[in-house]
Every structure is written in C-alpha cells, then in structure tokens.
1. Report, ordered by the first and then the second residue, all pairs with beta carbons closer than 8 Å, sequence separation of six or more or different chains, a first member in the stretch 4-29 that is of a type in the set (S, T, N, Q) and in a loop (DSSP other than H, G, I, E, B), and a second member that is surrounded by 13 or more Cβ atoms within 10 Å (Cβ to Cβ) and at pLDDT below 90.
2. Quick one: which of 60, 53 is at pLDDT 85 or above and exposed (fewer than 14 other Cβ atoms within 10 Å of the Cβ)?
3. Could you run through the stretch 38-57 and say how many residues are among the aliphatic types (A, V, I, L, M) and either assigned to a strand (DSSP E or B) or touching a helix residue (DSSP H, G or I) at 6+ places or on another chain (Cβ under 8 Å) (or both)?
Amino acid sequence: MNMEAHPGSSATPPTVTCPYCRSTNTELFSLFGQQLLTEQYYCNNCRTPFEYIKDDVHVIPERTNT
C-alpha cells in the first residue's frame, strides 16, 4: 500500500511495529480506526489487524512561511 506524505511535509511514514509479533512488516489498512486518533494496520507476518495511535507529526504537516 502506498502512503504519500502531505504536500510540503518532509515527514516520512512511521515504521509501525506489530504489538503481537513485533514485526515491522506492516501496512496501513485504514486511515481511521475506532477513534479519529488511531489508524488501522495489518501485520503481514502474523496476519493480524491492529490499531496504532497517530503521531502529531504524521497527522499535521509542517507549515512554512513563504
């Protein structure tokens, strides 16, 4: 799944670790989980969906004065 950064943002997508098997072989499944501050991910190793709390840097792009 392709995750593009916000325009003007130098933030890279976070490396999300599976809470069940600790694998980093995960992919974004849905931008919103049960709460607006969570995203749903899927672990390709143990094949388990899980929720991840969004980081402020990941949600809000940096603004520059130009």
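1. If the second residue must be surrounded by 13 or more Cβ atoms within 10 Å (Cβ to Cβ) and at pLDDT below 90, the pairs left are 9/61.
2. On the way: 60 fails: at pLDDT 85 or above.
Only one candidate passes the filter, namely 53.
3. 1
The values are calculated or read from the model by the stated rules, or taken from the named source; none is laboratory data. Just so you know, these numbers come straight off a predicted model, no measurement behind them. As a convention, Cβ positions derive from the backbone with ideal geometry for all residues, glycine included, and neighbour counts pool all protein chains shown.
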